[in-house]
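Scroll down for the structure; my scribbles are underneath it.
The values are calculated or read from the model by the stated rules, or taken from the named source; none is laboratory data. Quantities reported herein were computed from a predicted structural model and do not represent experimental measurements. Here the Cβ positions follow ideal geometry from the backbone for every residue, glycine too, while neighbour counts run over all protein chains shown.
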Amino acid sequence: MVAGTTSQVLVASNRGPVSFSLDGEGSLTAKRGGGGLVSGLSAIGPEADAVWVCAALGEGDREAVRRHAGRLDPADTGGQTVRMLDIPAATFEAAYQGIANSVLWFTHHMLYQTPLEPAFDVDFTRQWAAYEEYNAAFADALAEEAGRGATVLVQDYHLTLVPGLLRERRPDLRIGHFSHTPWAPADYYRLLPDEVAARVLRGMLGADRTAFLTRRWARLFTESCARVLGATVSEAAGPSAEAETLATVTYEGRTTRIGVHPLGADGDFLRERAYRPDVDERRAQLREQIGTAPEGGPRRTVVRVDRTELSKNIVRGLYAYRRLLLDHPEWRERVVHLAFAYPSRQDLSVYRDYTAEVSRVADGINAEFGTPAWTPVVLHVKDDFARSLAAYRLADVALVNPIRDGMNLVAKEIPVVSEDGCALVLSREAGAYEEMGEDALCVNPFDITATASALRTALTMDPAERQERTKRLAATATAHPPTRWFLDQLTRIAAAG
Ligand code: G6P
């Protein structure tokens, strides 16, 4: 049985731990995903009889669902039992792209350009109905799969209604919800139509425990509960309560605990994976691209690795690097910006436009400052984990400047594998700032001038200080590895009643 619980464990998330591709001959290949949940779940033994409920995302997944009647065994998934839901394509698109990615994601990351967007009209009403349907499909599947008294961990903004819907169907279950994103301040959250703003909160409060990556996001959630629902918020008592249970929210006679569980980097995995031969090979290739400074010795590196996500603020990061080269010409020829920006959510036109803008600005900097012997920005857009790790190893400076971010694991991973110590330029709007702010160089992500100046401070930091800071950053970064993060949540949900 699971530490601290005696029940079966179910996880629900939009994207599952495995995806399938279909080749021309009709054979299916399974690919295991990474991330905190996948490694976290590996901490529980087979006796927990874990089931992961997720959506079928592509043709391969849909075919796997058809062949296995929706329920895939550990042997087919390379992990645990997976129940994949083949939600009708139009419903899925409207719920996932329409509501989850274009409304809830935009709200919590405060990405709207408010004079024009959002504009909630009939399309939104239709998409919202689909989101309700999609959440109900998850609640139905979980209600079917869960044994008596099982613990269910529902993930993220895709599935905010599931806790409430599942409680109606199965009051015997222990239910947790976890948000991997920030939460918006109440004034911003209330851009959502009133009914929807209330419905999302009521859905999440259907859980015994609703948890966040930082205290800041948890507090903003309780602020929304008070302002939108008129719910009663009580701060948890006791000095140690802060770290795990921040507050309780009571609404319509039920009390939900509000938890904080910062997710850390998987230090053991990273230290081993980052020094395998495929990473060594990529490291050598990157060294070639980085080249040699005029006075000899390798050029310095500013490294960033992101999905090309609007919230990651890649364009302002490039402008800050340009500002550094403009105002401090002594750095020309002596530094290279390795910018790895992997395309994401390309079904949304605003993401396609942003991806194009990243390339345009990077090309502009190279045209403005580049010489035959020096490429100031090396932009890579093809996702390659081994190459990302190679860049982590070589980073003199890591640039992590999101507009707003639930945590940002890149900020935690780079110090762990860095070879010579790496100065971290970190946005104060990243969740990671709450734990790592002291040893990082912190910036307002909108302030290009200040970011340029932090890059310069980082590049000129005394090597001994840089190494000291990196050591402390790595220790903080690995304090809550995914297995512990996951087990802590289970234990706390079990204790919540
Ligand atoms: C990021 C966020 C998660 C989110 C995921 C969805 O990793 O931190 O909160 O669930 O994106 O991405 P997807 O590609 O599945 O839309």
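When residues in the range 184-202 are screened for being closer than 17 Å to residue 216 by Cα and without any contact (Cβ under 8 Å) to a residue 24 or more places away in the chain, 1 of them pass. Residue 91 - would you say it is among the polar types (S, T, N, Q) and more than 16 Å from the ligand (Cβ to nearest atom)? Against the criterion (among the polar types (S, T, N, Q) and more than 16 Å from the ligand (Cβ to nearest atom)), residue 91 qualifies.
For (1) modelled with pLDDT under 90; (2) touching a Leu at 6+ places or on another chain (Cβ under 9 Å), each residue gets a yes or a no:
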{"position": "44", "(1), (2)": "yes, yes"}
{"position": "51", "(1), (2)": "no, yes"}
{"position": "64", "(1), (2)": "no, yes"}
{"position": "75", "(1), (2)": "yes, no"}
{"position": "79", "(1), (2)": "yes, yes"}
{"position": "93", "(1), (2)": "no, no"}
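Scanning the range 364-384 for residues that are farther than 16 Å from residue 308 by Cβ, in contact (Cβ under 8 Å) with a residue 60 or more places away in the chain and in contact with a Ser or Thr (Cβ under 9 Å, 6 or more places away or on another chain) yields a single hit, 373. Would a scan of the range 132-153 turn up a residue that is more than 16 Å from the ligand (Cβ to nearest atom) and hydroxyl-bearing (Ser, Thr, Tyr)? Yes, the range 132-153 contains a residue that is more than 16 Å from the ligand (Cβ to nearest atom) and hydroxyl-bearing (Ser, Thr, Tyr). Inclusion of residue 356 among residues that are farther than 24 Å from residue 466 by Cβ and either in the same structural domain as residue 34 (by TED's automatic domain parsing) or free of Cβ contacts under 8 Å to residues at least 24 places away in the same chain (or both) is warranted. Screening 453, 418 for residues that are among the hydroxyl-bearing types (Ser, Thr, Tyr) and surrounded by fewer than 21 Cβ atoms within 10 Å (Cβ to Cβ) leaves exactly one candidate, 453. Residues that are in a loop (DSSP other than H, G, I, E, B) and within 25 Å of residue 178 (Cβ to Cβ) were ranked within the range 252-300; the one that is nearest to the chain's Cα centre (by Cα) is 263. Just one of (1) more than 27 Å from residue 486 (Cβ to Cβ); (2) outside any loop (DSSP other than H, G, I, E, B) fails for residue 111. It is (2). With respect to the conditions (1) in contact with a helix residue (DSSP H, G or I) (Cβ under 9 Å, 6 or more places away or on another chain); (2) more than 16 Å from the ligand (Cβ to nearest atom); (3) of a type outside the set (Val, Ile, Thr), residue 373 falls short on a single one, namely (1).
Looking at 357, 330, 288, 295, just one residue is at pLDDT below 95 and away from the ligand (no atom under 15 Å from the Cβ), and that residue is 295. Meeting the requirement of 3 or more residues that are outside the structural domain of residue 410 (by TED's automatic domain parsing) and touching an Asp or Glu at 6+ places or on another chain (Cβ under 8 Å), the helices (runs of 4 or more DSSP H) wholly within the range 20-78 are 59-68.
Please go through the range 154-200 and pick out each residue that is within 29 Å of residue 119 (Cβ to Cβ), among the aromatic types (Phe, Trp, Tyr) and within 16 Å of the ligand (Cβ to nearest atom). Within the range 154-200, 157, 183 meet the criteria.
Within the range 215-229, can you find the residues that are within 14 Å of residue 261 (Cβ to Cβ) and surrounded by fewer than 18 Cβ atoms within 10 Å (Cβ to Cβ)? Those that are within 14 Å of residue 261 (Cβ to Cβ) and surrounded by fewer than 18 Cβ atoms within 10 Å (Cβ to Cβ): 215, 216. All of 96, 112 fail the test of being among the aromatic types (Phe, Trp, Tyr) and under 20 Å from residue 59 (Cα atoms), apart from 96.
Taken together, 305, 249 contain a single residue that is assigned to a strand (DSSP E or B), outside the structural domain of residue 397 (by TED's automatic domain parsing) and either of a type in the set (D, E, K, R) or surrounded by 14 or more Cβ atoms within 10 Å (Cβ to Cβ) (or both), which is 249. Exactly one residue out of 347, 353 is more than 18 Å from the chain's Cα centre (by Cα), in a loop (DSSP other than H, G, I, E, B) and over 21 Å from residue 282 (Cα atoms), and it is 347.
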